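One structure is given here, and the rest of the page talks about it.
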Amino acid sequence: MIRFIAVRLAGAIVVVWIVSVVTFLIFQAVPLLSHTNPVYFYTGKVPFPPGSPQLKALTHRFGFDLPLYAQYWHYLSGILFGQTITDGVSTPIPCPAPCFGYSFRQNDLVGTLLLRAAPVSLSLCIGAAILWLTGGVLVGTVSALKPRSFIDRVGMGGSLAAVSLPIFFTGPILLLLFEYTLGWLPDVSYASITQDPLQWLKSMILPWISLAFLFAALYARLTRANMLETMSEDYIRTARAKGLPRRTVVIKHGLRAALTPIVTIFGIDVGTLIGSTVITETVFNLRGLGYLSIQSISQQDLPVILGVTVVAAVALVFANFVVDVIYAFIDPRVAL
């Protein structure tokens, strides 16, 4: 098992490095394709006229006159060891590791902006993930144990309806019902869990439900299909013939085998959502990574866009690594 985890961890590190290289090259191509001095995308302004010695000196200070491999190492060394940033006009700004650069448009370190937005996205994704996994697996399991029954039809019909409703529809409906009509949640503005846990919970309930509503439907249908296939296997009939309790047969033998593919897509979904909950954050006015990315794109704030992209990619790779480890514990044959 230790060897399996070490191999998967090494593979994850390699993937993160490849992703960082590809992402960096893509973003470095933006100034070239737009025929714009790269300094503009990093400072938000070009304080000196084109072709002036001052602009050339500033371009050299940012390292944009270096080969691409040297520029990448400058970016990577900043993340690993930190660096000092300047636009040639203001006072040099120290940027400790991990340094993703400085946003001159928002007048703050990119790392600070990411740290401010990441807890919001993590709170949204983790809470919603717990709801959709629990609800989806429960509904799918019950439906599989009673196929073609009234419970099965209600569960799958509700899942079909849920998967057909987008978040920008269910979100405003929840706000209209619980905030404006019933008045149960009069103030849904976000607060940090460390500052005000109760307000944090109030601000997260509706986004959790709205986001989990869509994914729970998918997981319910997938769990039902896997359980129907698993419960018809020979080893399940053998377990029943041995006189094992129905609960043991269903949970220990049936559900455990049916969950292995669900664990895989669960990790991918959570990892992907960390940086892509734009619609949910917009509907409920949450300033997470999705909101930060949209704001940065509209402002052409390249350092922030690059930082969000790298962080989202790392989150997805890390989620896949965790899924591989959990998968090995569920089915030890994977680690052989």
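The values are calculated or read from the model by the stated rules, or taken from the named source; none is laboratory data. Keep in mind the model is a prediction, meaning the values are calculated, not measured. Heads up, the Cβs are rebuilt from the backbone with ideal geometry, glycines too, and the neighbour counts pull from every protein chain shown.
Brief remarks on what is shown
- Residue match in segment 320-331 (condition: without any contact (Cβ under 8 Å) to a residue 12 or more places away in the chain and not in a helix (DSSP H, G or I)): no
Residues are listed down the side, and each one gets a yes or a no for (1) farther than 24 Å from Val323 by Cα; (2) surrounded by 18 or more Cβ atoms within 10 Å (Cβ to Cβ); (3) at pLDDT below 85; (4) polar (S, T, N, Q):
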{"position": "Thr230", "(1), (2), (3), (4)": "no, yes, yes, yes"}
{"position": "Ala241", "(1), (2), (3), (4)": "yes, no, yes, no"}
{"position": "Ile251", "(1), (2), (3), (4)": "no, no, yes, no"}
{"position": "Ile265", "(1), (2), (3), (4)": "no, no, yes, no"}
{"position": "Arg287", "(1), (2), (3), (4)": "yes, no, no, no"}
{"position": "Leu302", "(1), (2), (3), (4)": "yes, yes, yes, no"}
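- Qualifying positions in segment 37-54 - surrounded by 12 or more Cβ atoms within 10 Å (Cβ to Cβ) and either modelled with pLDDT of 75 or more or within 25 Å of Val311 (Cβ to Cβ) (or both): Pro38, Val39, Tyr40, Phe41, Tyr42, Thr43, Gly44
- Only one entry in Ile151, Ile126 is under 25 Å from the mean Cα position of the chain (by Cα) and either assigned by TED's automatic domain parsing to the domain that holds Thr280 or within 21 Å of Gln199 (Cβ to Cβ) (or both), namely Ile126.
- Residue match in segment 75-86 (condition: more than 30 Å from Tyr327 (Cα to Cα), surrounded by 12 or more Cβ atoms within 10 Å (Cβ to Cβ) and at pLDDT below 80): yes
- Where helices (runs of 4 or more DSSP H) fall entirely within segment 69-181, those with at least 1 residues that are touching a residue at least 60 places away in the same chain (Cβ under 8 Å) and touching a strand residue (DSSP E or B) at 6+ places or on another chain (Cβ under 9 Å) are at 110-145.
- Contact map, segment 236-257: residues that are touching a residue at least 24 places away in the same chain (Cβ under 8 Å) paired with residues that are surrounded by 12 or more Cβ atoms within 10 Å (Cβ to Cβ) and among the acidic types (Asp, Glu), Cβ distance under 7 Å, separation 6+ or inter-chain. No pairs are found.
- Test: residue in segment 263-282 that is of a type in the set (D, E, K, R) and in a helix (DSSP H, G or I): yes
- Filter result for Phe169 (in contact with a Leu (Cβ under 8 Å, 6 or more places away or on another chain) and at pLDDT 80 or above): no
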